[in-house]
Every structure is written in structure tokens, then in C-alpha cells.
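Visitor: Sharing a structure with you now.
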Amino acid sequence: MKIIAISACTMGVAHTFIAKDKLIEASDRLGHQIKVETQGSVGAENILTEEDVKAADIVIIAADININGEERFKGKPIVRVSVTVAIKQPEQLIKKIEEQLKAKK
Amino acid sequence: MSEKNKKNLFSSLSKHMMTGVSYMIPVIATGGILQSIGAMIGGATVLDHPGTIGYILFNGGQAAMGLVVPILAAFIAFSISDRPGIAPGLLVGVLAVNMKIGFIGGIIGGYLVGYFCLFIKTHLKVHDAVKPLMPLLIIPLLGGLAAILLMSVLIGPPLAGLQGILIALFKSMGSGSKFLFGAILGGLVGIDMAGPIGKIGTTVANGLMADGIFGPEGAKVCACMVPPLALGISSVFTNKKKYTEQEEVAGRSAILLGLFQVTEGGLPFLLRDPLRVIPCTAIGAAITGGLAMIFGVESPVTMGGIAAFPVMKEVIPGALIAITVGVVVTVGLLALIKKDIPQDENAEGDASDEELEVTIEFK
């Protein structure tokens with residue numbers, strides 16, 4: 001499964017990046033591909049490109065604030081969770097997404 | 001309204017607030033610290049010497065502080081209605097500042113204007129030829145109109161009136177015992193971190209200072225330092241577990257901001273957990289204000305914190321004792337009242353087994 005994700009927290013210096021690491025760790029363990037764009041207080045980093053979006057099976061938006069550039073994901077299946085979920089339960093999150101995507105097919 | 005809808009409404013309201021706060025924090029840091037450096041260089045009479053470096057810095061910092069509420073209001077509105085909300089949001093914030101109903105006015109205004117713009121965006125159907133004008137002209141114009149009406153008719157006057165009543169009450173109390181006076185002054189500051197309620201107290205203190213009475217101003221300077229200092233110390237040193245990692249980061253800057261009497265440094269904490277934070281900071285700041293009055297602390301300047309100490313009277317030991325006691329009391333109360341935040345320490349696997357509800361939006 002190809003996952004793309006955006007993480008963004010209120011202060012934009014700590015949680016945003018912890019969430020990114022946790023999502024990548026969990027995704028690696030479960031054998032998926034992932035790219036995470038962080039929208040911290042320094043601005044967006046590791047920005048998702050058009051190709052990334054095109055190739056993605058699922059978009060995870062892990063944010064406590066409103067993110068920038070959501071219109072990029074038009075037509076894509078999107079999951080919205082708080083940053084805390086991405087930090088605390090990244091595995092379960094990805095597993096559940098997988099189940100639901102399979103059920104859909 | 002079902003339980004789930006209620007939860008969704010609350011979480012989206014807080015998301016909008018947090019979006020606003022995330023844009024506001026750098027503005028507070030810019031303005032507050034520049035202002036303090038200006039006061040440190042220029043001393044007590046910094047504003048009487050236009051053209052000096054201290055004056056330029058202080059003035060610039062003050063201008064930045066004036067942007068805090070407009071930015072907060074604008075980005076609350078932005079979070080709700082996206083870009084068309086920014087212009088009306090800025091306006092509603094500036095009007096709130098002009099009417100001296102600061103934070104509370106700006107927050108209420110930001111929400112109302114934001115939802116108003118969202119409503120127009122989604123419900124006003126126009127001809128395709130006019131569509132490009134919607135975000136450029138129609139929504140900002142109608143939103144701006146709504147902002148003006150809101151502030152000058154709906155929420156401005158009641159909030160300002162409430163403030164007027166409180167100022168009158170406060171002035172009539174001025175002849176009472178010194179401790180009570182200082183405690184009320186400090187308590188007001190501690191309630192909303194020098195927001196509109198705190199401004200009632202600071203306005204009276206500033207007014208009395210203009211009349212040559214420097215005691216209340218001294219109490220104010222001390223009391224204003226307590227909330228951010230105490231929240232910073234509590235989150236960074238004594239009670240880490242009771243704060244999120246984001247708050248711990250905010251705590252470090254809060255300590256610095258507190259030293260320079262930028263009370264707003266405590267706002268991120270207040271906004272996240274108002275019911276537990278407000279009683280602690282209000283009581284702590286009240287004790288500091290009361291003690292400072294008793295010790296005869298006086299200040300001829302309104303801003304600065306430790307930067308104002310050189311020009312204040314009875315700093316050692318009066319102001320130091322007053323501030324220390326207030327901070328210790330606040331930190332103690334926070335330790336008692338704030339709840340622990342569950343921590344996630346394990347690196348492997350999920351930190352929580354709690355059943356997660358995942359909803360995929362297919363479009």
C-alpha cells in the first residue's frame with residue numbers, strides 16, 4: 001500500500017515531527033511505503049508532489065490544526081485523525097485503513 | 001444533537017482556535033521581547049525620547065503586540081472559512097483592539113466572522129460569470145460588513161460596557177486596604193493573562209500612575225510576570241507529566257516571556273485547559289499583587305519585568321518576595337489541580353491498545 005500523510009500540530013515544533021517518525025516506523029514494520037509532509041511552524045517540509053498524490057492509495061491527515069493544500073487530495077480516500085493518534089496508535093491506524101480499503105474492493 | 005456530533009463540534013471549534021494560536025505565538029514573541037529590550041535600553045522614560053534606539057524598539061514591539069489579536073482572529077476565521085475569512089478576520093481583530101476588548105472580543109469575533117464567511121461561501125449561489133468575484137470581492141466585502149456590525153453593535157458594546165462597570169467598581173475599591181487592592185489587580189491579570197479582564201486592572205494602574213501614584217503599577221508589573229513564569233516552571237521543571245510536549249516547548253519561552261512581563265506567554269496553557277489553569281494563575285497573581293502593595297513596590301514604567309527593575313522601588317526584597325511567593329503558590333496549585341497526560345514511551349508498536357475508530361472518506 002502506498003501511503004501519503006500530512007502531520008501538523010499547534011506549536012509546530014515537536015508533535016508534528018514525532019508523528020512523522022511514528023508513522024514511518026509503523027509503516028515500515030507493516031511493509032508499506034509512506035511519505036510524510038510536515039507542516040510545522042517553519043512551514044511545509046518534504047512536500048508531497050503531484051506524482052506522490054497520484055500514486056497514493058490513501059491520504060492520512062494527522063493534524064490538530066487546519067492544514068494547507070488539502071485541495072491536492074481531491075478524489076483520494078482521506079483519513080483524518082489527531083496528531084495524538086498518529087503518535088500513539090500508528091500501527092492500528094494503518095491496519096484499520098488496510099482492512100477498510102480491502103473491504104471496499 | 002447526538003453525543004458524536006457534540007464531540008465533533010467541540011473538536012472542530014478547538015481546531016479553529018488552535019490554528020489561530022499557532023499563527024499568533026510568533027507574533028507575541030516578536031512584539032513582547034522587542035518591547036522589553038526597548039524598555040531595558042531606554043529605561044523608565046523610554047517613550048519620552050523619540051528617535052532613541054530604546055524608543056524605536058519599544059515602539060516597534062508595541063506595534064507588533066497590536067497585531068496579536070488581529071492575527072488570532074484572522075486565523076480562527078481562516079481555519080473556518082479558508083482564505084476569504086482572512087480579511088474580515090483581521091478587521092474584526094483590529095476593531096476588538098480599538099474597542100479595548102482584546103482577546104475575548106477577537107476570539108468571539110473571529111469565530112462569528114469565520115462562520116459567516118463559510119455560510120456565504122456554501123449557501124450563496126451566484127452565476128458562473130460572477131463566481132471568480134466571490135473569494136476576491138463578495139465574501140471579503142460581506143464579511144467585512146459583518147465584522148463591523150458585530151463589533152460596533154452586537155458584541156462590542158456589551159463587552160465594553162461590562163468592562164466599564166468593572167472599572168468603576170475597581171476605582172471605588174481603591175481606597176480600601178492595600179492588600180485587597182493589589183490582590184484584585186493581580187487576580188484580574190491572572191484570570192485572562194492580561195486580556196480584556198486583566199486590562200481593567202492594568203488600565204486603572206496605568207491611570208493612577210499618570211496621576212503620580214506608582215504603587216498599583218508596581219503591583220501590576222510583579223503580578224503580570226507570575227502566570228507565564230509559573231506555567232513555564234510547572235511545565236518544564238516540576239510537573240512535566242501534566243503537560244503535552246507542545247506545552248513543554250511553549251513553557252520554555254513562557255519563562256523567558258514571563259521574566260520580561262509578557263503575560264501572554266501563558267496563553268497557550270490557558271487556551272488548552274482554561275478551567276484548571278485560570279484558578280491557579282488568578283490566585284498566584286493575586287497574592288503577588290497584594291504582597292507587592294504591602295511591601296511598597298512602585299514602578300514608573302508599565303512594561304519590562306526584570307528590565308523595569310532598575311527603575312522600580314523596593315525591588316529587593318519586596319518585588320522579589322512577592323513574585324517568588326506568587327510563582328510558588330501557582331506552581332503548587334497547578335501540581336494539585338492539573339491532570340496527568342498519558343505518556344507514550346514505548347518505541348516499538350502502539351503506545352495504546354485502545355480501539356481506534358477509523359473512517360475513510362471516499363470521494
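The values are calculated or read from the model by the stated rules, or taken from the named source; none is laboratory data. Note that the coordinates shown come from a computational prediction; the quantities given were computed from them, not determined experimentally. Ideal geometry is used to build each Cβ from the backbone, glycine not excepted, and the neighbour counts take in all protein chains shown. In case anyone asks, the SASA skips ligands and DNA or RNA and just uses the protein heavy atoms, side chains included. Shrake-Rupley method; radii C 1.70, N 1.55, O 1.52, S 1.80 Å.
Visitor: Given the residues B:Leu162, B:Leu188, which is the only one that is in a helix (DSSP H, G or I) and either at pLDDT below 90 or among the hydroxyl-bearing types (Ser, Thr, Tyr) (or both)? First the steps, then the outcome.
Guide: Values: B:Leu188 fails: either at pLDDT below 90 or among the hydroxyl-bearing types (Ser, Thr, Tyr) (or both).
Answer to the check: B:Leu162.
Visitor: Hey, another quick one. Could you pull out the residue among B:Ile53, B:Ile71 that is more than 22 Å from the chain's Cα centre (by Cα) and over 20 Å from B:Phe119 (Cβ atoms)?
Guide: That would be B:Ile53, the only listed residue that is more than 22 Å from the chain's Cα centre (by Cα) and over 20 Å from B:Phe119 (Cβ atoms).
Visitor: Do the conditions hold for B:Val46, that is, is it touching an Asp or Glu at 6+ places or on another chain (Cβ under 8 Å), surrounded by 23 or more Cβ atoms within 10 Å (Cβ to Cβ) and not charged (D, E, K, R)? Lay out the reasoning, then the answer.
Guide: Working: touching an Asp or Glu at 6+ places or on another chain (Cβ under 8 Å): no; surrounded by 23 or more Cβ atoms within 10 Å (Cβ to Cβ): yes; not charged (D, E, K, R): yes.
So B:Val46 does not fit the description; no.
Visitor: Give the residues of the stretch B:87-107 that are among the β-branched types (Val, Ile, Thr) and within 13 Å of B:Ala146 (Cα to Cα), sorted by residue number.
Guide: Selection gives B:Val92 alone.
Visitor: Could you list, in sequence order, all residues of the stretch A:96-105 that are over 16 Å from A:Lys76 (Cβ atoms) and open to solvent by 90 Å² or more (accessible area, probe 1.4 Å)?
Guide: Matches in the stretch A:96-105: A:Glu99, A:Lys102.
Visitor: Do you know which residues across the stretch B:78-94 are part of a helix (DSSP H, G or I) and open to solvent by 40 Å² or more (accessible area, probe 1.4 Å)? Spell out how you get there, then give the answer.
Guide: Initial filter on the stretch B:78-94 (part of a helix (DSSP H, G or I)): B:78-81, B:83-94.
Answer for the stretch B:78-94, where residues must be part of a helix (DSSP H, G or I) and open to solvent by 40 Å² or more (accessible area, probe 1.4 Å): B:Arg83, B:Ile86, B:Ala87, B:Leu90, B:Leu91, B:Val94.
Visitor: Tally up the residues in the stretch B:42-61 that are modelled with pLDDT of 85 or more, in a helix (DSSP H, G or I) and not β-branched (Val, Ile, Thr), please. Full working, then the answer.
Guide: From the stretch B:42-61, those modelled with pLDDT of 85 or more are B:50-61; that's our starting set.
Next cut, in a helix (DSSP H, G or I) only: B:53-61.
Within this subset, residues satisfying the condition of being not β-branched (Val, Ile, Thr) are B:54-55, B:57-61.
Result for the stretch B:42-61: 7.
Visitor: Got a number for residues in the stretch B:254-268 being open to solvent by 10 Å² or more (accessible area, probe 1.4 Å) and either more than 13 Å from the chain's Cα centre (by Cα) or without any contact (Cβ under 8 Å) to a residue 60 or more places away in the chain (or both)?
Guide: So the answer is 4.
Visitor: Testing B:Val327 on (1) closer than 30 Å to A:Asp64 by Cβ; (2) within 17 Å of the chain's Cα centre (by Cα), one condition comes back false. Which one is that?
Guide: Of everything listed in (1) closer than 30 Å to A:Asp64 by Cβ; (2) within 17 Å of the chain's Cα centre (by Cα), B:Val327 misses just condition (2).
Visitor: Next up: Run B:Lys313 past the list (1) in contact with a strand residue (DSSP E or B) (Cβ under 6 Å, 6 or more places away or on another chain); (2) within 30 Å of A:Ala86 (Cα to Cα) and report the number of the one that doesn't hold.
Guide: Condition not satisfied by B:Lys313: (2).
Visitor: Give all pairs with beta carbons closer than 7 Å in which a residue from the stretch B:123-148 that is more than 16 Å from B:Gly85 (Cα to Cα) meets a residue that is part of a helix (DSSP H, G or I) and open to solvent by less than 80 Å² (accessible area, probe 1.4 Å); count only pairs at least 6 apart in sequence or on separate chains.
Guide: B:Val126/B:Met134
Visitor: Which residue, of B:Phe103, B:Phe75, B:Phe170, B:Phe119, is at pLDDT 90 or above, under 30 Å from B:Thr263 (Cβ atoms) and part of a helix (DSSP H, G or I)?
Guide: B:Phe75
Visitor: When the stretch B:302-343 is examined, which residues are found to be over 17 Å from B:Phe237 (Cα atoms), exposed (fewer than 15 other Cβ atoms within 10 Å of the Cβ) and without any contact (Cβ under 8 Å) to a residue 40 or more places away in the chain?
Guide: Hits for the stretch B:302-343 are B:Ile316, B:Pro317, B:Pro342.
Residue-wise test of (1) of a type in the set (Val, Ile, Thr); (2) within 22 Å of B:Phe362 (Cα to Cα).
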residue: A:Thr16; (1), (2): yes, no
residue: A:Gly40; (1), (2): no, no
residue: A:Lys54; (1), (2): no, yes
residue: A:Asn68; (1), (2): no, yes
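Visitor: Let me ask something additional. So which strands (runs of 3 or more DSSP E) are wholly in the stretch A:1-58 and hold at least 3 residues that are open to solvent by less than 20 Å² (accessible area, probe 1.4 Å)? Spell out the reasoning first.
Guide: On the way: elements: A:2-8, A:33-40, A:43-45.
The strands (runs of 3 or more DSSP E) meeting that bar are A:2-8, A:33-40.
Visitor: Go through the stretch B:46-92 and count every residue that is touching a residue at least 24 places away in the same chain (Cβ under 8 Å) and more than 17 Å from B:Ile139 (Cβ to Cβ).
Guide: Matching residues across the stretch B:46-92 total 15.
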